[in-house]
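Here the structure is laid out as structure tokens; the discussion comes afterwards.
The values are calculated or read from the model by the stated rules, or taken from the named source; none is laboratory data. Small disclaimer: the values here were computed from a predicted structure and weren't measured. Note: ideal-geometry Cβ built from the backbone for every residue, glycine included; neighbour counts use all protein chains shown.
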Ligand code: ADP
């Protein structure tokens, strides 16, 4: 049985300006422990899809199930990590990391504090627990945001372009780290990204969505001959280019020609 299921989802946003049909007839399923990429044109409903799984919004029609149970609202079972780290500048790193627990209404026990401290140490932030976010680099801030998300022990991690604000080298390093951490913890992961190599390097499977209203255009299983020890190793696999091209073709990106005028 799939761990996450979206069945024939339609979602319309109603605003004063009118109606936006964001998703239409969208169905996806994700196995427990799978890493699944979501790619598609801007505005096709990728973030909307994550918000549905997080229980932040309800579909206009269709069903969203996590662990076989219909999603009725936000739950600690699902963690969300965004492009911006949303660390509060006036809270220390430790206080930021305890925030998720505070928001789920859990009493902050000494054991939670201990667990967060251990995670910060494991992720190279042990000496920054009492520091404020402004003292951390972009990659370290994103690591702290990951600790905050993992502190509530979610089974599912929704990652919405989590690396796109980072410089190229930090982005590659963070892909390695996050991949290793989430695989070791056997999390189920949905990764929204614009970066095709990132999707191929990190995911077992990639859904390509159509332009708005988004539905599934292709469901591509990234099968590499060798077991994928890390995203960097996957980038070196002989099949990497084949999967890149397949996704690129499905995205069917057209760059509009620019009319050149000579003076
Ligand atoms: P993507 O993540 O693929 O770029 P989104 O899920 O953010 O797409 O948005 C899909 C469409 O829905 C876009 O046209 C966007 O403008 C619109 N949209 C997103 N959120 C809202 C909202 N809260 N209210 C109205 N329209 C929205």
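Scan the stretch 1-12 for residues that are within 13 Å of the ligand (Cβ to nearest atom) and either surrounded by 16 or more Cβ atoms within 10 Å (Cβ to Cβ) or not in a strand (DSSP E or B) (or both) and jot them down.
9, 10, 11
Quick one: count up the residues across the stretch 140-170 that are over 16 Å from residue 202 (Cβ atoms) and in contact (Cβ under 8 Å) with a residue 24 or more places away in the chain.
15
Residue by residue through the stretch 213-229, note down the ones that are within 16 Å of the ligand (Cβ to nearest atom), assigned to a loop (DSSP other than H, G, I, E, B) and within 20 Å of the chain's Cα centre (by Cα).
215
Mind counting the residues in the stretch 150-181 that are in a helix (DSSP H, G or I) and surrounded by fewer than 21 Cβ atoms within 10 Å (Cβ to Cβ)?
As a first pass, look at the stretch 150-181 and keep what is in a helix (DSSP H, G or I): 150, 168-181.
Now restrict to residues that are surrounded by fewer than 21 Cβ atoms within 10 Å (Cβ to Cβ): 168-174, 176-177, 180-181.
Selection size over the stretch 150-181: 11.
Taking the stretch 34-54 only, how many residues are more than 9 Å from the ligand (Cβ to nearest atom) and modelled with pLDDT under 95? Reasoning before the result, please.
Residues of the stretch 34-54 more than 9 Å from the ligand (Cβ to nearest atom): 34-37, 39, 52-54.
Restricting the remaining residues to those that are modelled with pLDDT under 95 gives 54.
Adding up the residues that qualify gives 1.
With buried (at least 19 other Cβ atoms within 10 Å of the Cβ) and in contact (Cβ under 8 Å) with a residue 24 or more places away in the chain as the only criterion, which of 200, 216 stands out?
200
When the residues of the stretch 13-33 are filtered to those that are under 16 Å from the mean Cα position of the chain (by Cα) and either more than 18 Å from residue 61 (Cα to Cα) or at pLDDT below 95 (or both), which remaining residue is nearest to the ligand (Cβ to nearest atom)?
30
Just checking, does the stretch 13-35 include any residue being touching a strand residue (DSSP E or B) at 6+ places or on another chain (Cβ under 6 Å), assigned to a loop (DSSP other than H, G, I, E, B) and more than 30 Å from residue 124 (Cβ to Cβ)?
no
Can you tell me which residue among 114, 142 is under 30 Å from residue 9 (Cβ atoms) and part of a helix (DSSP H, G or I)?
Going through 114, 142 in turn, the sole match is 142.
Taking the stretch 134-148 on its own, how many of its residues are touching a helix residue (DSSP H, G or I) at 6+ places or on another chain (Cβ under 8 Å) and surrounded by fewer than 20 Cβ atoms within 10 Å (Cβ to Cβ)?
5
Determine, yes or no, whether residue 65 is in a helix (DSSP H, G or I) and either within 22 Å of residue 208 (Cβ to Cβ) or away from the ligand (no atom under 11 Å from the Cβ) (or both). Let's see the steps before the verdict.
Numbers: in a helix (DSSP H, G or I): no; either within 22 Å of residue 208 (Cβ to Cβ) or away from the ligand (no atom under 11 Å from the Cβ) (or both): yes.
So residue 65 does not fit the description; no.
Taking the conditions exactly as written (assigned to a helix (DSSP H, G or I), away from the ligand (no atom under 16 Å from the Cβ) and touching a helix residue (DSSP H, G or I) at 6+ places or on another chain (Cβ under 8 Å)), does residue 79 satisfy them or not?
So residue 79 fails the test.
Could you figure out which of (1) surrounded by fewer than 16 Cβ atoms within 10 Å (Cβ to Cβ); (2) within 15 Å of the ligand (Cβ to nearest atom); (3) farther than 27 Å from residue 177 by Cα isn't true of residue 84?
(3)
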